[in-house]
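K.L.:
First the structure, then my questions, so here it is.
Nothing in this text is a laboratory measurement; each read-out follows from the coordinates by a stated rule. As the structure is a computational prediction, the values presented were derived from the model and not from experiment. Note that we place each Cβ from the backbone using ideal geometry, even for glycine, and neighbour counts take in every protein chain shown.
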Amino acid sequence: MQTLSPEWRNAVHPEDPEHVREIVSSTGFFSQDEIDIAVELVTERLEKGIESGYHFIFAEAAGKTVGYACFGPIPATQKNYDLYWIAVQNDYRGAGIGKQLLNISEEAIYQLGGARVYIETSGRDQYVSTRAFYLRCAYMEDAVLDDFYAPGDAKYIYVKKI
């Protein structure tokens, strides 16, 4: 698939919880509990606004929301942010949207005063391409916590100075 140039927005719309559910579900990577958490963060942003601590970037192509990223400051730290979610609708994966989402999120974090971005992901085999993606995007593998999510499922933590 060729690289797309979607439109970007950071405003959260009332229909975004359903968009996020569709995007995250389409990947086949996440459990129902994880999908519910992704939707919960968007809902919290709608209810509490910026006080929620959650920021979003949405990618839209052909009139459809096809990807998103969610990030926020890490409480009790200075200039550190977590990238909580980054996902692209399965039909649009491989088109460069994920990399663009990551770059735009990093720029937004920088504009908010952030200096470091942390990303956590699973050690399951299904996530080999995800971990390789973060390495290609200049993230450093900072820690591996064995058996974190479940026996045999480590947590990988990546970091990047921006």
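K.L.:
Explain nothing, just the number: relative contact order of region 1-114, from Cα pairs under 8 Å at least 6 residues apart, as a whole percent.
P.N.:
Numbers: 173 pairs, mean separation 32.9, N = 114.
With pairs under 8 Å counted, the relative contact order is 29 percent.
K.L.:
Please report the antiparallel percentage of DSSP beta bridges with both residues in the chain, rounded to the nearest 5.
P.N.:
Values: 30 of 34 bridges.
Given both bridge residues lie in the chain, the antiparallel proportion sits at roughly 90 percent.
K.L.:
Around Gly123, what is the net charge, scoring Lys/Arg as +1 and Asp/Glu as -1 over all other residues with Cβ under 13 Å from its Cβ?
P.N.:
Numbers: positive: Arg124, Arg131, Lys155; negative: Glu120, Asp125, Glu141, Asp146, Asp147, Asp153.
Local net charge: -3.
K.L.:
Right, here's the next one. Sum up the charges of everything whose Cβ sits under 15 Å from the Cβ of Ala69, counting Lys and Arg as +1 and Asp and Glu as -1, but leave Ala69 out.
P.N.:
On the way: positive: Arg9, Arg45, Arg93, Lys99, Lys160; negative: Glu7, Asp16, Glu60, Asp82, Glu106, Glu107, Glu120.
The answer is -2.
K.L.:
Right, here's the next one. Hand me the trypsin sites (Lys or Arg not before Pro) from region 132-162 located in a DSSP loop with no more than 15 other Cβ atoms within 10 Å, in residue order please. Show your work: numbers first, answer last.
P.N.:
Values: sites: Arg136, Lys155, Lys160, Lys161; in loops: none.
Sparse-neighbourhood loop trypsin sites (Lys or Arg not before Pro): none present.
K.L.:
In nm, give the distance between the simple-model label positions of Glu141 and Ala62, each being 7 Å from the Cα along the Cα-to-Cβ direction.
P.N.:
Reported label-point gap for Glu141 and Ala62 is 3.6 nm.
K.L.:
Shifting gears a bit: Highest first, please rank the peptides 63-69, 98-104 by the mean number of other Cβ atoms sitting within 10 Å of their residues. All intermediate terms of the calculation are to be shown ahead of the outcome.
P.N.:
Numbers: 63-69: 20.6, 98-104: 18.1.
Sorting 63-69, 98-104 by mean packing, highest first, produces 63-69, 98-104.
K.L.:
Right, next: Mind checking the full-extension length gain between Ala150 and Asp91? Use 0.36 nm per residue of separation minus the Cα-Cα distance, one decimal, nm.
P.N.:
In short, 18.3 nm is gained.
K.L.:
In nanometres, what is the gap between the two model label sites at Arg21 and Thr77, each 7 Å from Cα along Cα-to-Cβ?
P.N.:
Result: 3.1 nm between the two label points.
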